[in-house]
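Asks: This is the structure I have questions about; it appears just below.
The values are calculated or read from the model by the stated rules, or taken from the named source; none is laboratory data. This one's a predicted model, so the numbers in the text were calculated from it and none came from an experiment. Because the Cβ atoms are built from the backbone with ideal geometry, glycine has one as well, and the counts that use them run over all protein chains shown.
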Amino acid sequence: MSEKVEGFSDKENWFYQQQGKWLFRFTNEDDHHAQQAAKHCDQFMEDDEDEMIDDELISCFNCMKRRWLIEGFECRGLAKKENV
Amino acid sequence: MIKSWLICIDDTDDIGTKGTGEIAEEIMDLLNSKALGDHVEGKVRLTSSSAWVTRHQLFVHPDIPYTSHNSAMCFEILSSLTLAEIKDICVIHLKAESALAADPGLAIIEKSLLTTSAIQRLMAFGFETKRQVKTKSDAYELAANLGIDLSEHGGTGQGVIGAIAGIGLRLSGRDGRVKGQLDVGLTNSTKELMLSVHQIKKLTGLDAVIELNGFLLNDEESVLVSGKIKAVLQNNQFALLVYQHRDELTGEPSWRNALKQQLKNY
């Protein structure tokens, strides 16, 4: 588990911080980057099957900790991690 | 006397807790089991397609305090229970199962009491709630005007907005995905099956099979089904959504059940 935490030190490849929120750099259509980000993340938590929108399970688009926005989403897993 | 009821809940969950869809399904089962105890006719509803829970996507906006996706869950039952009895069952279960940080809302309406004008207003509110920020006052005002039983059960009670919006969207017959997956006989050893539309309808209880533009497939057409089989509510029908796949080598077209990426727009 700790290896993955270190691995996600490159989270800024997929997210940027704005007003204390970690926002996805890509669009809601960009499955590839959502999958790549989730593979590097130790915070991934499967959402209800009914809320999943990516056929690839390990994807930020299927994670309970993503909060959809009009464009993209906010990762609450990263925000929580920073506050620990 | 058996009556048809629409019930919708919203904002019951939090990260890591039971989802709103699951809670809705549990309430529907509780109500159906109660109906079964009283009336044999109730049994019909357990296998009826209209007994499915539908998920309705609402607006995602920074000013709306949703958990992660902002969707409401709605279902229909036939029951001889009174409004007070139905509401009691809903509220007890909502309070027991909702997350501590949730803001649950509950809307209940007996369908026969809805006039055409009321249905139109509910539908309009539902579709507006998909693209505008609505307030609790908006929701309560509409409920009072149309005789909808709308109530909140913890937290800020913001869930009342989605609850009444979900009723309108369900009534529209053209919004939402059906909660859960359909069983067409796929197993670990049978990962895909070629089925006729007729077979799919018979196996699942769905009303129709439609392609992405809304066109109906004939009963004789074949669909290669695999993975998770999900239905949508379109054209007042519970339908399997399919897309046309072209074989990479032969270019031969075939129908396949929609992918999650395609279903997300419903």
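Asks: Being surrounded by 15 or more Cβ atoms within 10 Å (Cβ to Cβ) and either under 18 Å from B:K87 (Cβ atoms) or outside the structural domain of B:A96 (by TED's automatic domain parsing) (or both) is the filter; apply it to the stretch B:31-41 and report the residue that is modelled with the lowest pLDDT.
Replies: B:A35
Asks: Is it the case, given these coordinates, that B:D175 is within 30 Å of B:A258 (Cα to Cα), over 17 Å from the mean Cα position of the chain (by Cα) and assigned to a loop (DSSP other than H, G, I, E, B)?
Replies: No: the conditions fail for B:D175.
Rundown of residues vs (1) assigned by TED's automatic domain parsing to the domain that holds B:N218; (2) touching a residue at least 12 places away in the same chain (Cβ under 8 Å); (3) surrounded by 14 or more Cβ atoms within 10 Å (Cβ to Cβ), yes/no style:
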residue	(1), (2), (3)
B:S151	no, yes, yes
B:G154	no, yes, yes
B:G162	no, yes, yes
B:I167	no, yes, yes
B:S189	yes, no, no
B:S196	yes, yes, yes
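Asks: Let me ask another. For the stretch B:74-109, what are the residues that are outside any helix (DSSP H, G or I), farther than 16 Å from B:A51 by Cβ and acidic (D, E)?
Replies: Hit for the stretch B:74-109 is B:D103, nothing else.
Asks: Quick one: how many residues across the stretch A:53-82 are of a type in the set (A, V, I, L, M, F, W, C), within 10 Å of chain B (Cβ to nearest Cβ) and in contact with a Lys or Arg (Cβ under 6 Å, 6 or more places away or on another chain)?
Replies: 2
Asks: Pairs please, first residue from the stretch B:218-239 and within 14 Å of chain A (Cβ to nearest Cβ), second anywhere and in a loop (DSSP other than H, G, I, E, B) and loosely packed, with under 14 Cβ neighbours inside 10 Å, Cβ atoms under 7 Å, 6+ apart in sequence or on different chains.
Replies: Note: pairs meeting the criteria are B:S226/B:K191.
Asks: Can you give me the number of residues within the stretch B:1-25 that are more than 11 Å from B:A72 (Cβ to Cβ) and in a helix (DSSP H, G or I)?
Replies: Here the count works out to 3.
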